[in-house]
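Please read the structure below before turning to the comments.
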Amino acid sequence: MPTPERRDALRALLRADGLDALLVTDLIDVRYLSGFTGSNAAFVVSAAGPDGDVFCTDGRYRTQAAAEVADVRTVLARACAPTLAATVPAATTLGYASDQVTVDGHAALVAAAPGRYLRAATGLVGRLRAVKEPGEVVAVRTACALADEALAGFLADGGIVAGRTERDVALDLETRMRRLGADGPAFETILAAGAHSAIPHHRPTGAELHVGDLVKLDFGALVAGYHSDMTRTFVLGPPADWQRELHDLVAAAQRAGCAALAPEAEVPAVDAASRDVIAEAGFGEQFVHGLGHGVGLQIHEPPWISAKGTGRIAAGHVLTVEPGVYLEGRGGVRIEDTLAVRDDGAEALTGTTRELVQL
């Protein structure tokens, strides 16, 4: 990934915000800007130019940092944030992510950098990360394709059948993704059967699947740091009328949300396009979460699509559209795709059928 260009784009934001430098402490943001994948690091990006950039990690990662961050001056220290704060010139206005730095961490910065002006500056790197480069879209597409392949093979081999437990099904699917080349699951797989499918983020248990159950499966693959996210709802055995009707309703809402996902669309309007379909059918109170979220180096990242969301959709956004209706004590349906927004609309990167599949 072109990390020098990313840092240059960040410099423009720093100058516009009146910052001389930014202390980056979130490890995902550090990875985005430097390529570093270790577990302890921080980064100072200078508004003046790359000569002022400094990367920090500890001695465990000396060799890794030399390979992954070869184009930036590196210092080694255990406490990276205060170490880097001390490297910036006196009278520098140094931004930091106040949503990442603890009270004690802020005190350490103040002590390490007397004469520097510390200023809260949250979300600057996130603004860049929200719009994906073509290579990032390819990475998410690859993760989505791997998840699709894993699910297709899993279903063909009878992976979801009555008598298996939720926990066993989830574990087997995650193992299959690893065998196909994923670095791991994108997040803890949600496998929810029967009444559990009415719990939006149910964690798999030892409960057995039964004929007649709705089976909600929310999962993804992690490939080269990038995530995929997909939800499908199946039925074990012939569907009851209410199950088919509920699935048809959610599918219609999902199509409406996907169709509304276009450049310059207002975020609340995208949410409303899907939510109104469900509300008009009388199930508005059973759609209890936002419509979607960004996907990339994190499974949940900006932009957020909800009724209270702000801003507009842009070409380059990679997001989910995932309406759901949850009937407590009976079951629920969610259908979710990961989509890439293009100039002419949105392309689904997840390809598994959205029809109600009887297992």
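The values are calculated or read from the model by the stated rules, or taken from the named source; none is laboratory data. All of these numbers come straight from a predicted model, not from anything done at the bench. So basically every Cβ, Gly included, is an ideal-geometry build from the backbone, and we count neighbours across all protein chains shown.
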Considering only segment 124-169, how many residues are on the phi < 0 side of the Ramachandran plot, surrounded by fewer than 21 Cβ atoms within 10 Å (Cβ to Cβ) and small (Gly, Ala, Ser)? 9
Set Thr74, Thr37, Thr63: member being over 14 Å from Leu124 (Cα atoms) and in a loop (DSSP other than H, G, I, E, B): Thr37
Do you know which of the residues in segment 85-118 that are part of a helix (DSSP H, G or I) and in contact with a helix residue (DSSP H, G or I) (Cβ under 9 Å, 6 or more places away or on another chain) is surrounded by the fewest Cβ atoms within 10 Å (Cβ to Cβ)? Ala111
Pull out all pairs, ordered by first then second residue, where Cβ-Cβ is under 9 Å, the residues are six or more apart or on different chains, the first lies in segment 235-255 and is under 20 Å from Ala162 (Cα atoms) and modelled with pLDDT of 95 or more, and the second is surrounded by fewer than 18 Cβ atoms within 10 Å (Cβ to Cβ) and among the β-branched types (Val, Ile, Thr). Val235/Val357; Leu236/Val161; Leu236/Val211; Gly237/Val211; Pro238/Val211
Residue check, Leu291 in the same structural domain as Arg244 (by TED's automatic domain parsing) and closer than 20 Å to Val138 by Cβ: no
State whether the residues of segment 291-308 include one that is without any contact (Cβ under 8 Å) to a residue 60 or more places away in the chain, over 20 Å from Asp218 (Cβ atoms) and crowded, with 18+ Cβ neighbours inside 10 Å. no
Mind checking which residues of segment 301-359 are among the β-branched types (Val, Ile, Thr) and more than 14 Å from the chain's Cα centre (by Cα)? Thr310, Ile313, Val325, Val333, Ile335, Val341, Thr350, Thr352, Thr353, Val357
Which residues, counting only those in segment 266-293, are outside any helix (DSSP H, G or I), more than 15 Å from Leu339 (Cα to Cα) and under 24 Å from the mean Cα position of the chain (by Cα)? Glu266, Phe287, Val288, His289, Gly290
Quick one: is Gly163 touching a residue at least 24 places away in the same chain (Cβ under 8 Å), assigned by TED's automatic domain parsing to the domain that holds Leu14 and assigned to a loop (DSSP other than H, G, I, E, B)? no
For Val357, are the conditions met, namely being in contact (Cβ under 8 Å) with a residue 12 or more places away in the chain, of a type outside the set (D, E, K, R) and closer than 18 Å to Ser274 by Cβ? no
Filter result (surrounded by 16 or more Cβ atoms within 10 Å (Cβ to Cβ), of a type in the set (D, E, K, R) and closer than 24 Å to Ala130 by Cβ) within segment 222-281: Asp229, Asp271, Arg275
Which residues, taken from segment 124-160, are within 30 Å of Ala90 (Cα to Cα) and either free of Cβ contacts under 8 Å to residues at least 24 places away in the same chain or in contact with a Lys or Arg (Cβ under 7 Å, 6 or more places away or on another chain) (or both)? Leu128
Going through segment 132-169 in order, the residues found to be acidic (Asp, Glu) and in contact with a Phe, Trp or Tyr (Cβ under 8 Å, 6 or more places away or on another chain) are Glu136
Kindly list the number of the only condition in (1) modelled with pLDDT under 95; (2) within 25 Å of the chain's Cα centre (by Cα) that fails for Leu22. (1)
Exactly one of Val325, Val318, Val288 is crowded, with 22+ Cβ neighbours inside 10 Å and out of contact with any Ser or Thr (no Cβ under 7 Å at 6 or more places or on another chain), and that residue is Val325
Against the definition (touching a helix residue (DSSP H, G or I) at 6+ places or on another chain (Cβ under 7 Å), among the β-branched types (Val, Ile, Thr) and touching a residue at least 24 places away in the same chain (Cβ under 8 Å)), how does Thr57 come out, yes or no? no
I need the full set of residues from segment 190-218 which are closer than 19 Å to Val325 by Cα and of a type in the set (S, T, N, Q), in order please. Ser197
What are the residues in segment 206-223 that are of a type outside the set (A, V, I, L, M) and either assigned to a loop (DSSP other than H, G, I, E, B) or out of contact with any strand residue (DSSP E or B) (no Cβ under 6 Å at 6 or more places or on another chain) (or both), if any? Gly206, His210, Gly212, Asp213, Phe219, Gly220
Being acidic (Asp, Glu) and loosely packed, with under 14 Cβ neighbours inside 10 Å, is that true of even one residue in segment 28-48? no
Sort through Val103, Val110 and tell me the only one that's closer than 20 Å to Leu19 by Cα and of a type in the set (A, V, I, L, M). Val110
